[in-house]
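Read the figures in this text as sums done on the coordinates, not as results from a lab. Predicted, not measured: the structure shown is a model, and the values here were computed from it. Cβ sites come from the backbone with ideal geometry, for glycine too, and all protein chains shown count toward neighbours.
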Amino acid sequence: GAAVGFKDIKTGDTLCDEKHPIVLEAMNFPEPVIGLAVEPKTQADSDKMGMALAKLAEEDPTFRVHTDQETGQTVISGMGELHLEIIVDRLKREFKVECNQGAPQVAYKETIIGTASHREVYKKQSGGRGKFADINIEIGPNDDVEKPGLVFVNNIKGGNIPREFIPAIEKGFKEAMNNGVLAGYPVDSLKVELNDGSFHAVDSDALSFELCAKMAYREAMPKCRPTILEPIMKLEVVTPSENMGDVIGDLNKRRGLIEGTGERNNATVINAKVPLSEMFGYVTDLRTITSGRATSTMEFSNYAQAPNNVQEAVIAKVKGKANA
């Protein structure tokens, strides 16, 4: 069936008879793995671009738009290079918005593989009422794959920290996770145990404990062996058999892991997992290697720890931008 003219329907909504309401199970959409900075070419384009991007994001749950707080740039994020190319093309064709675009950026993440105990005391006195908070915490990896994010465990006994300040401590850690200590990429999962602490009857408040938690995060995370995670893509290449060796050799250069090969309609199918950072411009290179006879499809697979040389390059790049 087909219907036109709906105004308030978005991707993922269920259409049904009002007298017999049903709700279908929601779809899980993966997080974007690649970002691209875009800017309007003229002031007229600037006025139209915001509305156009909002419309595109509304109809495509795998497409995100945000403003980088440090640079002020508008960053669009999606599931791959081709996805973002189509978005930019739609901006021009459907919405008549001309824009400049920067180089694609991989959406790295950070995590920790060690644990550390830390005590943080936040004390500020500037005439009149001051600020005071004292927490003793243990930070470590969150091993529950089913529940990423912050796992916060409150072990306070006997009212060493009043109950009303505990949510502020959790909030402080949750907000701090938006910026990792290595290169500023978000920390996907973390476990924090609050074991002890103290407060001041006059100077302590929720904000003091929230700031104390953020300071504890910055101090303790470097002791927990932080590491950078990179997105790994699942790749399928269908190529003529005579080009199979060249295609596999090229994937090995891109740090690809060949998972298997097979036959389909007199062609060879290669399945591999390859880091996204190595896949920019791959379609063009594949066309060159096989004289245009091979095709490929790529989708997000998982995040994995990046090799040391890649981590060092990513950190150096971020620090270079910060110093520029």
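For the range 145-199, max minus min Cα coordinate along each principal axis, in Å, sorted largest first?
The principal-axis extents, from largest down, are 37, 24, 16 Å.
Relative to the longest principal axis of the C-alpha atoms of the chain, give the angle of the C-alpha long axis of helix 206-220, reported between 0 and 90° and rounded to the nearest 10°.
The angle comes out at about 60 degrees.
Quick one: the Cα spread of the range 208-254 along its three principal axes, in angstroms, biggest first?
The Cα atoms of the range 208-254 stretch 66, 17, 9 Å along the principal axes, largest first.
Calculate the length of the line joining the C-alpha centroid of the range 168-189 to that of the range 76-93, in whole Å.
Between the Cα centre of the range 168-189 and that of the range 76-93, the gap is 29 Å.
Residues with beta-carbon under 13 Å from that of ASP144, excluding ASP144: net charge, scoring Lys, Arg +1 and Asp, Glu -1?
Once positives and negatives cancel, what remains is -1.
Please give the net charge around GLU31, taking every other residue with its beta carbon less than 10 angstrom from that of GLU31, where Lys and Arg add +1 and Asp and Glu add -1.
On the way: positive: ARG64, LYS109; negative: ASP188.
Net of charged neighbours comes to +1.
Can you pull the one-decimal nm distance between simple spin-label points at ASN178 and GLN125, each 7 Å off the Cα toward Cβ?
3.3
Using only helices, what value at 222 nm comes out for the chain when you add -39,500 (n - 2.57) per DSSP H run of length 4 or more and divide by the total residues, to the nearest 500 deg cm²/dmol?
-9000 deg cm²/dmol
Pull out the extension gain between THR295 and GLU58, defined as 0.36 nm times the separation in residues minus the alpha carbon to alpha carbon distance; nm, one decimal.
Answer, rounded to one decimal: 82.3 nm.
So the label point goes 7 Å from the Cα of VAL88 along Cα→C-beta, right? Which residues of the range 29-63 then have their backbone N under 18 Å from it?
33-42, 45-46, 49-50, 52-54, 56-57, 63
Is there a pair in LYS10/LYS55; LYS10/LYS174; LYS41/LYS92; LYS191/LYS223 whose C-alpha atoms are over 19 Å apart, and which pairs would that be?
LYS10/LYS174
Pick out which of SER208, SER291, SER301 has the largest mean-square fluctuation in a Gaussian network model of the chain, springs linking Cα atoms closer than 10 Å.
Result for the chain, Cα springs under 10 Å: SER291 fluctuates most.
When the chain is fully extended, how far beyond the present Cα-Cα distance does HIS200 get from ASN155, taking 0.36 nm per residue of separation?
Answer, rounded to one decimal: 14.3 nm.
Could you tell me, in Å, what Rg and Dmax come out for the Cα atoms of the chain?
Rg, Dmax (Cα atoms, Å): 24.6, 82.
Full-extension gain between GLU146 and LYS7, please, as 0.36 nm times their residue separation minus the C-alpha to C-alpha distance.
The GLU146-LYS7 span can extend by a further 46.5 nm.
Order these peptides, 180-186, 26-32, 226-232, 243-249, by their mean beta-carbon neighbour count within 10 angstrom, highest first.
Descending packing order for the listed peptides: 226-232, 180-186, 243-249, 26-32.
Enumerate the amide H contacts of SER204 below 5 Å, restricted to partners 5 or more residues apart or on another chain; note that Pro and chain-start residues carry no placed amide H.
Placed amide hydrogens put PHE132 under 5 Å from SER204.
Separation between the THR115 and LEU257 pseudo-spin-labels, each 7 Å from Cα along Cα→Cβ, expressed in nm?
2.7
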